[in-house]
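Take a look at the structure below.
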């Protein structure tokens with residue numbers, strides 16, 4: 001963990017790309033997707049809905065009221081939750097030493113069409129609208145949205161893109177866009 005290779009960022013650099021485009025010399029960390037538990041928890045946290053209560057009984061992940069950390073979600077051996085199944089959760093009927101990470105179209109369908117994503121986007125919109133005092137200050141709302149979801153301020157070009165998008169779209173739809181970006185789904 002103290003090695004220079006382990007501490008490398010996954011962001012590409014021009015000199016590294018030129019010298020080693022396949023990263024065989026490990027000049028950067030290879031990007032990898034976060035576990036579904038981390039992804040779900042980060043969406044709930046961004047929307048201000050994550051319940052950090054520790055201990056207690058497990059709850060059904062399909063329940064609309066389940067806003068506790070995903071680790072407290074019930075895993076049934078007979079019927080695996082669709083969210084977990086879509087994002088490579090190991091088969092609970094078998095022993096698994098780890099997970100195989102895949103990227104499939106079903107994962108993108110979840111991000112684009114699931115009720116959970118819509119609920120989190122709407123909760124995020126409501127939270128941003130509550131924190132920004134000026135109802136008409138769309139720029140401040142975009143900045144707050146970036147801070148909540150990506151934990152950073154947007155670049156000027158990103159603000160311009162967001163404002164252009166919001167001429168025809170809603171803040172909840174833009175929140176869903178941010179929740180589905182690679183910056184949110186992959187380790188930095």
Quick check on region 9-26. Is at least one of its residues touching a strand residue (DSSP E or B) at 6+ places or on another chain (Cβ under 8 Å), closer than 20 Å to residue 149 by Cα, modelled with pLDDT under 85 and not assigned by TED's automatic domain parsing to the domain that holds residue 128?
yes
Does residue 16 fit the bill of being loosely packed, with under 10 Cβ neighbours inside 10 Å and over 30 Å from residue 172 (Cβ atoms)?
no
Kindly indicate the residue of region 89-115 that is farther than 15 Å from residue 178 by Cα and in contact with a helix residue (DSSP H, G or I) (Cβ under 7 Å, 6 or more places away or on another chain) and also surrounded by the fewest Cβ atoms within 10 Å (Cβ to Cβ) among those meeting that condition.
106
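The values are calculated or read from the model by the stated rules, or taken from the named source; none is laboratory data. Computed from a predicted model, the values in this text were never measured in an experiment. Backbone-built Cβ (ideal geometry, glycine too); neighbour counts: all protein chains shown.
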